[in-house]
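All remarks here apply to the structure that follows.
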Amino acid sequence: GENVEQHPSTLSVQEGDSAVIKCTYSDSASNYFPWYKQELGKRPQLIIDIRSNVGEKKDQRIAVTLNKTAKHFSLHITETQPEDSAVYFCVISQGGSEKLVFGKGTKLTVNP
Amino acid sequence: GAVVSQHPSWVICKSGTSVKIECRSLDFQATTMFWYRQFPKQSLMLMATSNEGSKATYEQGVEKDKFLINHASLTLSTLTVTSAHPEDSSFYICSASTRNRGQSQHFGDGTRLSIL
């Protein structure tokens with residue numbers, strides 16, 4: 001079945017540093033790759049997404065890169081701030097459908 | 001835009017009780033709604049997919065007679081946990097998508113269900 005591996009499971013950085021989270025997947029039919037941020041007890045919030053026909057996308061301090069051939073994609077957060085602390089999930093579309101498969105999450109802690 | 005409302009946000013009830021959770025898309029018509037379950041410190045696991053006017057499609061291992069899903073309109077889906085037991089305690093989250101927005105899913109605030 002579809003599988004998405006996410007690393008690291010926890011990440012601690014100093015304020016102002018960059019954070020990188022990496023994911024690999026096995027379903028070659030996946031064509032949509034969103035990233036969600038979830039604070040404790042709250043809803044997942046879409047922070048950025050990328051589709052398979054694009055290799056990189058940036059939105060202010062957040063960027064995502066996709067290597068469809070190698071089946072991996074990464075989230076980059078620059079100039080981290082304490083409010084970036086949360087759990088981040090990489091997600092793939094299952095077989096290119098509307099169904100989403102979530103990675104296990106990365107708990108990011110930004111220390112002031 | 002793309003606001004999804006979920007109600008209630010928190011439920012505590014006795015074992016054996018049935019609990020209904022509502023998921024509404026407030027400012028768009030949701031062609032598809034999804035129900036997820038999230039245990040503490042774990043990821044979201046898809047339980048079922050529902051399309052308006054048709055039967056829900058359940059993921060492997062999810063009991064359809066235990067988790068009843070109704071998607072009566074383009075703005076409302078409900079999940080009923082029947083005869084709930086302590087092992088059903090979890091965080092249940094719905095999401096909604098519409099063809100106009102591609103594969104993007106917009107999540108509700110979730111319902112924390114505690115069965116005593």
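The values are calculated or read from the model by the stated rules, or taken from the named source; none is laboratory data. Only a predicted model underlies this, so the values are computations on that prediction, with no experimental measurement involved. Reconstructed Cβ throughout: ideal geometry from the backbone, glycine too, with neighbour counts over all protein chains shown. These area figures cover heavy atoms from the full protein model, side chains too; ligands, DNA and RNA do not enter into them. Shrake-Rupley method; radii C 1.70, N 1.55, O 1.52, S 1.80 Å.
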### Query
Considering only strands (runs of 3 or more DSSP E) fully contained in segment A:7-79, which possess at least 3 residues that are without any contact (Cβ under 8 Å) to a residue 60 or more places away in the chain and over 12 Å from the mean Cα position of the chain (by Cα)?
A:56-59
### Task
Scan segment B:41-56 residue by residue and report those that are facing chain A (nearest Cβ under 10 Å), out of contact with any Phe, Trp or Tyr (no Cβ under 7 Å at 6 or more places or on another chain) and open to solvent by 80 Å² or more (accessible area, probe 1.4 Å).
B:Lys41, B:Gln42
### Query
Being closer than 29 Å to B:Leu116 by Cβ, without any contact (Cβ under 8 Å) to a residue 24 or more places away in the chain, assigned to a strand (DSSP E or B) and among the aromatic types (Phe, Trp, Tyr), is that true of even one residue in segment B:28-45?
no
### Matching residues, segment A:39-71, being more than 14 Å from chain B (Cβ to nearest Cβ), crowded, with 16+ Cβ neighbours inside 10 Å and closer than 23 Å to A:Val13 by Cα
A:Ile62, A:Ala63, A:Val64, A:Thr65
### Task
Quick one: in segment A:21-38, of everything that is open to solvent by 40 Å² or more (accessible area, probe 1.4 Å) and in contact with a helix residue (DSSP H, G or I) (Cβ under 9 Å, 6 or more places away or on another chain), which residue is farthest from the other protein chains (Cβ to nearest Cβ)?
A:Ala29
#### Entry: Residue within segment B:92-114 that is farther than 22 Å from A:Lys37 by Cβ, touching a Lys or Arg at 6+ places or on another chain (Cβ under 9 Å), open to solvent by 30 Å² or more (accessible area, probe 1.4 Å) and assigned to a loop (DSSP other than H, G, I, E, B) present
no
### Task
Check whether at least one residue in segment B:61-76 is part of a loop (DSSP other than H, G, I, E, B), in contact (Cβ under 8 Å) with a residue 40 or more places away in the chain and in contact with a Leu (Cβ under 8 Å, 6 or more places away or on another chain), and report yes or no.
yes
